[in-house]
Amino acid sequence: METDSLTVAVVMQREPIANPIANRWQPFQWKPIEISADDLLADAGYRCLRHDASDMRWLFGGFPISLYPDEAEGYFLNIASPTPCWFIMWRLETCDGQEVAVPKQVTLSYNEAARLMDGGEQVDTLPASPAVIAHMKAFVQEHYRPEPKKKRRKPSFEGGAAVEEMARAEGNSHGS
């Protein structure tokens, strides 16, 4: 089961690194700079918006966003953070003869983003709008049920009959 979906577009930017001496093998960096839910942009495919020595920008559309009940904990962790955000997973690929950072997945789930990063993927963030945050909060209130806390079993170093018996058995095996 999922909520109504929304389709978004991502703008990726390549800009020169301010101090090229600090990293002589990588003269520029890629990062997402904007997410748009505008219907005209969301289904636009991809296209270069700007290309010069100091700034390159590409638009990538067609990322469906739905909220799923089994990801409610991930949305909760996102809205509980100081800056709720979008998570954008991207990879370098060739588009129209240029090496470009191409977004592959967009999510609002903190847990899903963590799984992507654990798998070695590049994930960057952009702040979520107040409307998106409000929608996530309402979804979390309806679907998120925290796991009940379980009683903690005392570790053996805190004592107990089993520890005393273990100590006696160990003493007997050492000739005491």
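The values are calculated or read from the model by the stated rules, or taken from the named source; none is laboratory data. No experiment lies behind these values; they were computed from the predicted model shown. A quick note on method: Cβ atoms are made from the backbone with ideal geometry, for glycine too, and the neighbour counts reach across all protein chains shown.
Does region 106-113 contain any residue that is among the charged types (D, E, K, R) and in contact with a Lys or Arg (Cβ under 6 Å, 6 or more places away or on another chain)? Scanning region 106-113 turns up no residue that is among the charged types (D, E, K, R) and in contact with a Lys or Arg (Cβ under 6 Å, 6 or more places away or on another chain). Only residues that are in contact with a strand residue (DSSP E or B) (Cβ under 9 Å, 6 or more places away or on another chain) and under 27 Å from H51 (Cβ atoms) were counted in region 61-106, giving 23. Here the condition is being of a type outside the set (V, I, T), without any contact (Cβ under 8 Å) to a residue 60 or more places away in the chain, farther than 30 Å from R145 by Cβ and touching a helix residue (DSSP H, G or I) at 6+ places or on another chain (Cβ under 8 Å); of A9, A42, A53, it holds for A9 alone.
Looking at L49, is it touching a strand residue (DSSP E or B) at 6+ places or on another chain (Cβ under 7 Å), hydrophobic (A, V, I, L, M, F, W, C) and more than 14 Å from V106 (Cα to Cα)? So L49 passes the test. V163 meets the conditions (1) among the aliphatic types (A, V, I, L, M); (2) at pLDDT below 70; (3) surrounded by fewer than 10 Cβ atoms within 10 Å (Cβ to Cβ) in every case but one. The failed one is (3). The set of residues in region 107-129 being among the charged types (D, E, K, R), crowded, with 17+ Cβ neighbours inside 10 Å and under 21 Å from Q13 (Cβ atoms) consists of D124 alone.
All conditions but one from (1) among the aromatic types (F, W, Y); (2) more than 25 Å from E142 (Cα to Cα); (3) surrounded by 15 or more Cβ atoms within 10 Å (Cβ to Cβ) apply to W25; the one that does not is (3).
Going by what's in this entry, would G61 be described as under 15 Å from V8 (Cα atoms), in contact (Cβ under 8 Å) with a residue 12 or more places away in the chain and of a type outside the set (S, T, N, Q)? Criteria met by G61.
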